[in-house]
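What follows is one structure encoded as structure tokens, with my remarks underneath.
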Amino acid sequence: MDQSTDPFAHFLGSLESVWINAMGFLSGVIQPGWRQNQVLIVLGLALIAWVLHRFSDRGVRNWVRSRQGWAKWQLRVIVQVRRRLGLIWFSLMAYMVYTVMQNVTWPSRSYLIGLAATLAIVWVGIAFAAQLVRNRPLRRIVTWALWIYATLYFLNISDDVAAFLDGLAIEVGDVRLSILTLITALVVIGALFTVARLVSQATASTIRKNEEISPSMQVLAVKGIQLALYGFAFFMGVKAVGIDLTGLAVLSGAIGVGLGFGLQKVVSNLVSGVIILIDKSIKPGDVISLGETFGWIQTLGARYASVVTRDGKEYLIPNEDLITGQVVNWSHSNDFVRLDIYFGTAYGDDPHVVRKLAIEAASSVERVLSFKAPVCHIVGFGDSSVDYILRFWIKDPTGGLTNIRGNVYLALWDAFKENDISIPFPQREVLMLEDSKLALSRKARTTAPD
């Protein structure tokens, strides 16, 4: 079997090529000559750049502190420049030295210096371009990956390294999976995912600005576009690197059945979220009550709904609970909400006057609607009070319910105080006895027959 058909022989040949190139470069550096001189010049420039970085960083820091009113993006640029001042200084000096040596001596005597200057400039450009990636760990991975690729490319060993990585492969039947294929797949899929994310963000921004689309349909449209774009990016990335998905059909089916049993709740929440978005029973901005939770729907996710309460707590309620449980939507079909409060007055107060004062007090509160006039009814005769119910309507449940009830109670208090209406409360008399004998004698006198 020749080297072209034996994967192991191909791997050894690639490794030998990389090793020969590395040893040739090291032998040229060790021996006195212009190659060694160029390496020493590069090391000297690196030392000078480090010293300049130490001194210039302090000046840049003081200059930035003297500036006020800068935008955030300007401050981010300055931070990135400060972090890479040494590399910037090195690239500038190396390029200047390379330009001078190209004009005063043979071009081959400054090749390594030009290569170092080019790599430094490319590294600086990659560092700034990688800031487009918002996730910090992912940004570091992208930066280092591009640095390594650029270095291998400008050293003219990228083909040898690619052949070396392609030799590290696993073959199962007709399927051959190498390290190079995996890296290529990750790069292609990552690039397609980035494009899909940018397109989905731009599309989502356009959809959210359209006031003619309801909030629930906006969320549904955004989720559908994201799912379609990311799914298309994944399959296109896999096909682009030459991986045949038909061979994985049986395996993916078995995995799907296993995941179906293990992720029943997750799938149930996903389906429930789609149903909620389609029937528009709950949408962002609605005021709901679910058990002891009362708050506003902030966002509708694929798995849960975010409900923010008046005290700032954010509850993540699974979509399945919103479908199967009893949910009170205070603003489903309209924003009108009727509230009830209970109170009692003394039997000596005229109930006709009490009802009139209660209606006037409720009507004086700002958020109480006037075209749906408050009403007050007697609901019973208690042990120590005549019991009433006061009903009134509001149109803005998003403004809170407890605060409007408190304002109506306060208006009732002021009205009753001005008109001498008393609010009774249970009273008890406690008799303090001096000793047990006195208590027994008093008991005997009270129980003795006449």
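The values are calculated or read from the model by the stated rules, or taken from the named source; none is laboratory data. On a predicted model such as this, the values are computed, not experimentally measured, just so you know. A quick note on method: Cβ atoms are made from the backbone with ideal geometry, for glycine too, and the neighbour counts reach across all protein chains shown. Protein only, heavy atoms only, side chains kept; ligands, DNA and RNA dropped before computing areas. Shrake-Rupley method; radii C 1.70, N 1.55, O 1.52, S 1.80 Å.
Overview of values
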{"quantity": "Residue that is of a type in the set (A, V, I, L, M, F, W, C), open to solvent by less than 70 Å² (accessible area, probe 1.4 Å) and modelled with pLDDT under 70, where the choices are VAL241, VAL161", "calculated": "VAL241"}
{"quantity": "Those residues of the stretch 275-297 which are open to solvent by 50 Å² or more (accessible area, probe 1.4 Å) and among the charged types (D, E, K, R), in sequence order", "calculated": "ASP279, LYS280, GLU292"}
{"quantity": "Verdict on ARG367 being part of a loop (DSSP other than H, G, I, E, B), at negative phi and under 38 Å from the mean Cα position of the chain (by Cα)", "calculated": "yes"}
{"quantity": "Qualifying residue in the stretch 109-128 (condition: of a type in the set (Gly, Ala, Ser) and open to solvent by 60 Å² or more (accessible area, probe 1.4 Å))", "calculated": "no"}
{"quantity": "Some residue of the stretch 253-270 being farther than 30 Å from GLY190 by Cβ, at pLDDT 75 or above and surrounded by 11 or more Cβ atoms within 10 Å (Cβ to Cβ)", "calculated": "yes"}
{"quantity": "Of residues in the stretch 129-158 being of a type outside the set (A, V, I, L, M, F, W, C) and not in a helix (DSSP H, G or I), the one most open to solvent (accessible area, probe 1.4 Å)", "calculated": "ARG134"}
{"quantity": "Among (1) under 30 Å from LEU227 (Cβ atoms); (2) charged (D, E, K, R); (3) touching a residue at least 60 places away in the same chain (Cβ under 8 Å) - the single one ASP335 does not satisfy", "calculated": "(1)"}
{"quantity": "Single match in ARG355, ARG367 (criterion: open to solvent by 40 Å² or more (accessible area, probe 1.4 Å) and in contact with a helix residue (DSSP H, G or I) (Cβ under 7 Å, 6 or more places away or on another chain))", "calculated": "ARG367"}
{"quantity": "Filtered residue count, the stretch 340-364, keeping only those that are β-branched (Val, Ile, Thr) and either at pLDDT below 90 or under 50 Å from the mean Cα position of the chain (by Cα) (or both)", "calculated": "2"}
{"quantity": "Residue list for the stretch 387-405, filter: open to solvent by 20 Å² or more (accessible area, probe 1.4 Å) and farther than 13 Å from GLU366 by Cβ", "calculated": "ASP387, ARG391, TRP393, THR398, THR402, ARG405"}
{"quantity": "Out of ARG355, ARG303, sole residue that is over 27 Å from VAL379 (Cβ atoms) and among the basic types (Lys, Arg)", "calculated": "ARG303"}
{"quantity": "Residue match in the stretch 307-323 (condition: touching a Phe, Trp or Tyr at 6+ places or on another chain (Cβ under 6 Å) and open to solvent by 60 Å² or more (accessible area, probe 1.4 Å))", "calculated": "yes"}
{"quantity": "Options MET101, MET96: the member that is free of Cβ contacts under 8 Å to residues at least 12 places away in the same chain and under 17 Å from LEU43 (Cα atoms)", "calculated": "MET96"}
{"quantity": "Inter-residue pairs, beta-carbon under 7 Å, first of a type in the set (Lys, Arg) and in the stretch 362-376, second part of a loop (DSSP other than H, G, I, E, B), 6+ apart", "calculated": "ARG367/ASP396"}
